[in-house]
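Report on the structure given below.
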Amino acid sequence: MMPLRPLSLTTPSRPEETVAALAAEGAAVLAGGSDLIPGLAWEIPTCDTLVSLAGLDALRRIETEEDGRLRIGAMATLADIVRHPLIRVGYPALADAAQAVGSPELRAQGTLGGNVCLGTRCRFRNQPPLWREALAPCWQSGGEVCHAAPAKETCVAILSGDTVPALVALRAEAEIWGRRPRRLPIEEIYTGDGTHHLHIAPGEFLAALRLPAAPPRAAFRKWRTRASIDFPEANAAVSAVWRDGAWREPVVVVSAVGPAPIRVQAAESLLDGSAWSEERILAAGDLARRAVHPYDNGQLNVAGRQIAVRGLVVRALGDMEMERREPVL
Amino acid sequence: MKLEAPSSPSAVAVPNRIEGWAKVTGQALYADDVAWPNMAYGYLVRSPHAHARIVSVDLEAARSMPGVLAVLAGPGSTAPYGIMPSNQDEHALATGKVTYFGEPLLAIAAETLRTARAAARAVRVAYEPLAPVLKTGSQQKAAPQVREDAGDGNLHKAVDLEFGDVAAGLREAQFTRTDEFFFQGNNHLALEPHAVTAFWQPDGQLVLESSTQVPHYVQRSLARALGLPEHQIRVMVPTLGGGFGGKSELFPHEVAAALLSRSCGRPVRITLSREDVFYTHRGRHPVEMKVATGFDRQHRLQAMSFESRLDGGAYSSYGIASTYYTGALQPTTYQIGAYRFHGERWFTTKPPCGPKRGHGTTQPRALLEVHMDRVARDLGLDPIELRREILQPPFSVTVNQLDITTSGLAECLDAVERMSGWKERRGRLGKGRGLGFACSSYLSGAGLPIYWNPLPHSGARIAIGRDGGVQVACGITDIGQGANTVLAILAARSLGVALGRVRVTSADTGTTPVDLGSYSSRVTLMAGNALLTAAERMLDLLRQAAARHWQVPAQEIARDGEDFAVLGRDERAAWTEVARWAEADFGPLVTAGGYTPAPPRGRHKGSGVGPSPAYSFSACIAEVEVDELDGRLQVQRLYVAHDPGTPLNPQSVEGQIRGGVVMGLGEVLMEAQAFNPDGRHRGPHLLGYRIPTMLDVPEIEIAVVGQPDPNGPLGAKEVGQGPLNPVIPAVLNAVQDAVGIELHETPVTPDRILRALDAKRRRGNAR
């Protein structure tokens, strides 16, 4: 039993109240809590007020908008994502990514918004209090050192949401609510700095993800030790549109190797405008491997994680090419 | 779908476990469930450094906090203690310096756990950090001394054994090969973390309700640590949620709970967190090993040299035994002409290592079986055939003077070969797929006790009440392996009564005869034999009473079910009635029996480690697929054969085999008690220390083989530990078969496979 330190919890039922509560000093969003609450037992989050989004019913909905876009409320659970027919059929890479998270219990509790905004993780920070007690505070703990990468001036903790690369590949748009609601492509919400890894200001929160009406084809892959539970040691998603006998507008995105998803533009250029031969796919995998430089802050070793990225991209591209040649549906 | 479930326990005819209903309905009380009025909560303040001098300790702020009942600094114990008589090097709380990250140095009791934790934050300890010592042997280079009370340098113990002329054997061999391997350490990860409640009776007796595998040793060590006579201490074990060797000696939290309780006059409970368990550890030693063998023209094993270097952590624990065990059981499976063993154990600033399921034999078995596979590869032989020619036969003496009785090893080989389709399928599974074989052996109890004494290793007492109930009392601890059920089954079978009549009381030094504890797979054989003796004596009394009642010679008394009868006459009486006749004749019906193994054959130094009344044998074939693109090693199927002698409780035998196999799978695939360069555990929690989930566990096909052993109760041998050992090398060998990489360390995580495949590709390109 790990007693938590006392915190206050508020559950507003109107968006304006949520915005006001989140603007206060020390406030943090509570979505499913599947990562936040265990983190509190280890005294990792520094917040003292939790603002729950559970009172905002609209955030739970998954619905098609008038222009045909699919709008997924940030409070939809990962289990909702996995079983929703529109997502399974229209955006299967997202369902695959949601299915790869945690375990059935965690997917029932964890939300899509929570997975997208998931705090970055590091082997030198996501540890119990005693473990950190005599360790110099790192960038993310208010100090001036990175134990994983001493030469770095910023935090390199790992963005560990599995749905992130899938959403990037699917060209999702994030809908941020605040005093001035705004929408932006999902990859633009990540700062690249593990300490403040989201471009979401105090008083703002992620309310929904919007997916294009006619999404590209996409595939997702995850790499970890076990077949469940583990956070990704690397993950990847790819997408492209098949038009006029060639793949167009490819996206190759690798994540869980740093604080933000990484677009592999060299691979995208290579893949644009042709069918994908085995050689081309392997070459794209090599480019992806060269584009990532993980630090030793995950569970598995750096060299292995880098090599694995090649395999993830090759497999994901292979999935798409195979599916094109022999459609399942 | 409608579930058909029995409505009450009585609807289940033959329970697999006598405690099963209590466990599945949540009524079983574990050490952390036991609650006493007025109970206080204890908490240990642990070191945030792997190695540091304690400069000053200021307890005032903690002592003055409301709700804080006691704050104690070290050493707490009045004399150093330790499980091995020759290594009494532990105290409850560190003083002077701390020698591993997480070592306890202060103990706090408070009204609530929250208050105790807050008080732990309020104490001020100043440390002077020292360089951590993380390596062993010559890699230590000018390392500071870990144990200042243990002579010069950090070598804890070096041992040497030689049987026959190994140098000549290797020199004259037709074929030789050498292999090296690093076996990573790992934790037991019992589902239940350690917990204890301590309180003092008004008459001065100290009572401990503790999750321990060894109440007798805890009583002894605690008496020494506190300077009390042994009879002033009573150790009881509530329902225990798994041990695997991790609860096999006295721990700081047990001493601290007793001291805190004395200090505040209330029962004190201390429950370790999962993190604490990783710091407390006493798990499998990391071992660096080297083996060299020489074979003659007929592929007979002429000579073997085996070296092991154990990373012991900061204290001795079972270390001397662990060290000897890394050289003890290699000869139980193979006939070896000459055998040499050199073992070393080194102190490092890490949580102390100790025994884990397979104690000290798991690591060398991994290397030995990998080595044999590579020898077979070099010689172009089928690895099973190579072994078949050199198996240590049943009823024989090994090169290191161990007496083997029954051996189902040959049957184990046959069984896994047949189940897996080895002959037809090996080498024909396709790209990235492979089969790997390994076999092993384990003890059914150590031949000698941990402290020398001529007393029985196990004692059992049977009492029959006027109600016809059979009460069995024995000091064993049921750690989840089904020990109490085995005693109930043996009592019912030997006395000829229904299982429902038998009640087993165990694991209480105040009321049960001594059994040394649940370690070294000794309980079924030793407590079982003690019980059978007690049962024979009881039956004798009952027969005598029946004979006297019916005025016939005792030889004419027969049994019909539970009833007693007279041969050839129409006389019969129910069990309870005969028991009452016997009580009238002899007084209250109580008999006892003890069991002491025969003395070991060997007379050399170190001969105390290895002998056992009977050895179990196991074999495993692993079927794997390695994904060359992402490095994932998928164990698709495991074929396991085990010789447990007579399986007394077949369902539990199967359960123990499955449990051991899955534990071995975790060790080879992912588990690692590993440390950062500063001595911090890499991840003292279940995200950092990964064990298999159900999705990682393949189908396991099991064959139970063997013969009743003359030394076992009704022929039974061990099953709790042996089946773990062959799994690890079988998987390693299967990986080599699948993708041609030689692995030299555990665990085989996907990143390591990718690196090995990458290296192999580069070597291939260079050629």
Q: Pop out the ³J(HN,Hα) list for the stretch A:197-206 in order, Karplus 6.51 cos²θ - 1.76 cosθ + 1.60 with θ = phi - 60°, rounded to Hz; leave Gly and Pro as x.
A: 7, 10, 7, 10, 7, x, x, 10, 8, 6
Q.
Just checking the output field for A:217-229: average partner chain Cβ neighbours within 10 Å of each residue's Cβ?
A. 4
Q: Extending each Cα 7 Å along its Cβ direction at B:Arg503 and A:Thr154, get the distance between those two points in nm, one decimal.
A: 7.0 nm
Q: Treating each Cα of chain B as an identical point scatterer and ignoring solvent, apply the Debye formula and state log10 I(q)/I(0) at q = 0.08, 0.09 Å⁻¹.
A: -0.69, -0.86
Q: List the DSSP H helices in chain B whose Cα atoms stretch 15 Å or more along the helix axis and whose mean Kyte-Doolittle hydropathy is at least -1.0.
A: B:215-226, B:252-264, B:362-379, B:409-420, B:483-495, B:523-550, B:575-586, B:650-669, B:727-739
**Q.** Segment B:Val57-B:Glu628, extension gain: residue separation times 0.36 nm, minus the distance between their alpha carbons
**A.** 200.1 nm
Q: Could you rank the peptides A:272-280, B:431-439, B:143-151, B:277-285 by their average count of other C-beta atoms within 10 Å per residue, with the highest value first?
A: B:277-285, B:431-439, B:143-151, A:272-280
Q.
For a protection proxy built on the mean count of beta-carbon atoms within 10 angstrom, sort A:178-185, A:129-136 highest first, please.
A. A:129-136, A:178-185
Q: Arrange the peptides B:407-418, A:111-122, B:543-554, A:204-215 so that the one whose residues have, on average, the most other Cβ atoms within 10 Å appears first.
A: A:111-122, B:407-418, A:204-215, B:543-554
Q | Cα-only radius of gyration and Dmax that characterise the stretch A:217-325, units Å | A | 13.5, 44
Q | Range of Cα positions in chain A per principal axis (Å), largest first | A | 60, 48, 35
Q. Looking only at other chains, what is the average number of their beta-carbon atoms within 10 angstrom of each beta-carbon in B:742-750?
A. 2
Q | Residue mean of other protein chain beta carbons inside 10 Å, B:115-123 | A | 1
**Q.** Residue-averaged [θ]222 nm for chain A, counting only DSSP H segments that reach four residues, each worth -39500 (n - 2.57)
**A.** -9000 deg cm²/dmol
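Just so you know, all these numbers are worked out from the coordinates, no wet-lab data involved. Computed from a prediction, not measured in an experiment: that's the story for all the values here. Here the Cβ is made from the backbone with ideal geometry for all residues, glycine too, and neighbour counts use every protein chain on show.
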